[in-house]
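All remarks here apply to the structure that follows.
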Amino acid sequence: MEAALTFIGRLHPLLVHLPIGIILLAILLEALSVRPAYAGLKPAADLSLLIGVCGAVLSCCTGWLLSQTGDYDPGLVVVHQWLAISLTLVSAALYFALRGWPVGRSGQPLPGLRRARWVMMGVVVTLLVLTGHWGGSLTHGPGYLTAGLTPGASQPTLRTVADIPSAIVYRDMVQPVLHDNCYGCHSAARVKGGLRLDGPDRILRGGKDGPVVVAGQAAASLLIKRITLPLDDEHHMAPKEKGQMTPVEIRLLRWWIDNGASFDKAVGALPQDTGMATVWQAFHLGTAGPVAGVMVMNVADSDLPMGPVVAAPEDAVRRLRASGALVLPIAQGSNYLEVDCVADTLGQDALKAIPMLKDQVVLLKCSFVRAGDELVQAAAACPRLVRLWLDHTAITGARLGELRGLANLKYLNLTGTAVGAGDVKRLKGMPKLATLYLYQTKVGRGDWVGLKRDFPRTALDSGGYTIPFLATDTALVRVPVRRGN
C-alpha cells in the first residue's frame, strides 16, 4: 500500500501543470467574453475553470503524498502546500462567482459581485505565480524563479584558488564542487534519500543507504561509487539528464577522501602525488568547473592527434565503464578519449578492452590500480597515447621496453613502482618523451647521471619537492609607519 501511495505521489510533477494551464485559459476566456463579440466564450470559460479546480484538488492530494517521502525541505513544503490550497479554494470561489453565485433574496447576483470577480482573478494569478515559485524552489533550490533576476545569483561558488598550498581543501575546493553538482538534491531545499551534503556533520552522517564517505578509503565510499557508475546506471549520480562532474572534480574528491576527508586541513598539509598536478593547475586557473567532457589541458602543447578518427567501439567503452573507469572525450565533439581507471581494480575484461580503443585513447591513467605488467602490455597496444600514468602499480619493469613503440608519448609516470635504472633505459630513443616521473622507484642516486645522459631531452623527475608559491599567490600588506611631525 505504501509503495502504491508513493507512486501516486510521484505523479504530482506531471499533474500539477494541468490545472495551471487550464485556470489561466479560463481567466483569459472570461476576460474576452466580456466583449459582446466574444460572449459565446462564457460557457467555455466556466467549464475550463471547473476542470482546472478539479485538477488543482488532484494536484494538492498527490503533492501531499509526495511530501511524505521526506525528500524535501519541510519549511518550503508547508509554504508551497498552503499556497496551493489557497489557490484551489480561491479558484473554486471564482468559479461560483462566475456562475452568478451567491445570489440575494431577489434571486439576482449580489451587488458588487462583478467587480469582485476581477479582484478574485487577480488573486488567482498572483497565487499561481507564488505557488509556482515555491514549487520551483522545492525542486531546483531556493530562489529558483528569481535567480536570473539577481546579478550573480546563478553563478557557481567555484572560484579561482590563488594560493593552492594554503587553501583549505574542503572549504575552498570540495564544498564548491558539491555545491555545483549535488546541492540540488542533497541540501536543505531537498533531502533526497535522506542525504544532505551541505555541511561536514551531514556528510559524515550519510543517508538512508548509510555513510557516503569512508575516510581514507575512496574506493569504499558510496559517494565515489555513485559518481563513477556508468551514466546509464539508475544509481549513477548525478542523474544523466543533469550536469556531470568533470575528471578534475572526481580526482579531487578521491584524493580528499583517500587522505582522510579532513574538513580543516590545507592542501600543503596533506600528502601529494604527481597525478594531482592537473587538479591544482585547474583550480589555480579557475577552470575546474563542470565543463562537460573537456579535459583541462592545452591541446596544442600536448601533441594530440588533430586528424579525424572513427568513434570508439561501444562494447569496449561499456566494458571499461562497467569496471568503474571513466571514459570521456578530450573535448566536445572529439572521438579521442581519456581513460581514467579511478577504481583500484581492473579486471581482465577491462584490460582487454583498452587495446580495442587503440585508435582513440590518447590519455590513459592507471594510477593505484592493483595490476602489474599486464598494464604495460595494454598501454603498448595504443600507439596514439600521449600521456600514460602507471604510478603506484605492481609493474616490474620487465616489459617496459614495449612502450618504445609509442611514438607520440610525451608524459610517463612510474612513481611508486619497482622499476630500476636498467628497465628505464629500455625507453631510450623515444622521440617525444618530455617528462618521466621516477620518484620512489628502484632508481638509485648513482643512476641519475647515466639516465640524464641517455635521456638528454627528457625531464627526469625524482620527486621530493613541494608545491611552489607563485608571485601572484599572495599580497603583502604593511601598516604604514606614521612619522612624527
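The values are calculated or read from the model by the stated rules, or taken from the named source; none is laboratory data. Note that the coordinates shown come from a computational prediction; the quantities given were computed from them, not determined experimentally. No Cβ is skipped: glycine too gets one built from the backbone with ideal geometry, and neighbour counts run over all protein chains shown. SASA here: full protein model, heavy atoms, side chains in, ligands and nucleic acids out. Shrake-Rupley method; radii C 1.70, N 1.55, O 1.52, S 1.80 Å.
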Inter-part distance where the stretch 164-180 and the stretch 380-396 are each reduced to a Cα centre, Å
30
May I ask you to list the lysines whose Cα is less than 16 Å away from that of Lys208, ignoring any residue fewer than eight positions away on the same chain?
Lys192, Lys225
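Going highest first, how would you order 167-178, 12-23 by mean Cβ packing within 10 Å?
Going from most to least packed, we get 167-178, 12-23.
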Environment charge at Gln217 (Cβ cut-off 12 Å; Lys +1, Arg +1, Asp -1, Glu -1):
0
Starting from the Cα of Arg453, step 7 Å along the direction of its Cβ; do the same at Glu314; then give the gap between the two resulting points in nm.
5.7
For Arg254, Arg445, what's the largest-to-smallest order of accessible area, 1.4 Å probe?
Arg445, Arg254
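Go ahead and run the numbers for FRET between Met1 and Gln377, Cβ-Cβ distance against an R0 of 45 Å, rounding to 0.05.
Values: r = 57 Å, r/R0 = 1.27.
Given R0 = 45 Å and the Cβ-Cβ separation, E is 0.20.
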Summed over the other residues with a beta carbon less than 14 angstrom from that of Leu49, with K and R at +1 and D and E at -1, the charge totals +1
